[in-house]
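To start, the structure itself, in structure tokens.
The values are calculated or read from the model by the stated rules, or taken from the named source; none is laboratory data. The structure presented is a predicted model; accordingly, all values stated were derived computationally and were not measured. Cβ placement follows ideal geometry from the backbone for every residue including glycine, while neighbour counts extend to all protein chains displayed.
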Amino acid sequence: MLTILEQTVLLALDEQTGKLQSSQGFNTGYALAGAVFFDLALAKKIDTGTDTVQLLNTTPSGHAASDFCLAEMAKRPDKTTVRAWIEEFMQYGEFLEDTALQGLVARGILRHETSTMLWIIDVERFPMVDDKPRQDVKLRLVETILSDEIPAAEDVMLVSIAEASGLLNAVLSQQELDGRQERIRVLCNLESISRAVFAAIRELDLHIRSAVMTSY
């Protein structure tokens, strides 16, 4: 089964550029950080309160990205808030992305290609070999948002990440999203950990945007 991180990368991946895309620019960094946070929670390595994080188990899970972040958390007992760790994980964005892409290549879902542009720059691409996993992720998001059923915790997590980082536009039209804003809001607040991660990402986004505007 794909990790939340791998599913998020599949959702955001532009095969032609080999880069992760978002309708909100740099917010893919939030998506990666939130995804690995959810993977740790699903593996029962961490638990969260309203805003605090509790480390439950430091035994490696076998997933490189999650285990790296788990080890970092074990080193820093002074960091106790969801926001602090989302911000920390964002600094590992390139590693998280590369690790997820390598995992998807190993599973036969993507293929890694490298070409040289102007004899100098190596350009990486990740063409889709098996599109079914990505379509499954999109279908689950669509069904979760458009239905009124109580979803699985993993689907709630995916909606929270996609909404906070501008990835829902990859699965639904703006008109459809506008008509389901209340449902999306409910989903993002349904689980305590989803609520905490969603709030942390929004707070960081506002903080960074404010700092950028102030610098001009």
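In table form, for the structure just shown:
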item: Every pair of residues 6+ apart whose Cβ atoms lie under 8 Å, when the first sits in region 42-67 and is under 20 Å from residue 106 (Cα atoms) while the second is at pLDDT below 90 and charged (D, E, K, R); result: none
item: Count of residues meeting criterion [surrounded by 15 or more Cβ atoms within 10 Å (Cβ to Cβ), in contact with a helix residue (DSSP H, G or I) (Cβ under 9 Å, 6 or more places away or on another chain) and charged (D, E, K, R)] in region 55-78; result: 1
item: Qualifying position, being aromatic (Phe, Trp, Tyr) and either touching a strand residue (DSSP E or B) at 6+ places or on another chain (Cβ under 6 Å) or within 30 Å of residue 176 (Cβ to Cβ) (or both), among 126, 68; result: 126
item: Residue list for region 26-82, restricted to those being within 26 Å of residue 188 (Cα to Cα) and basic (Lys, Arg); result: 44, 45, 79
item: Flag for residue 83 being in contact with a helix residue (DSSP H, G or I) (Cβ under 9 Å, 6 or more places away or on another chain), without any contact (Cβ under 8 Å) to a residue 24 or more places away in the chain and basic (Lys, Arg); result: no
item: Matching helices (runs of 4 or more DSSP H) fully within region 150-203 where at least 3 residues are closer than 16 Å to residue 136 by Cα; result: 153-164
item: So residue 129, is it in contact (Cβ under 8 Å) with a residue 40 or more places away in the chain and either exposed (fewer than 13 other Cβ atoms within 10 Å of the Cβ) or not hydroxyl-bearing (Ser, Thr, Tyr) (or both); result: no
item: Output for region 192-207, where each listed residue is in contact (Cβ under 8 Å) with a residue 12 or more places away in the chain, more than 14 Å from residue 37 (Cα to Cα) and more than 14 Å from the chain's Cα centre (by Cα); result: 203, 204, 205
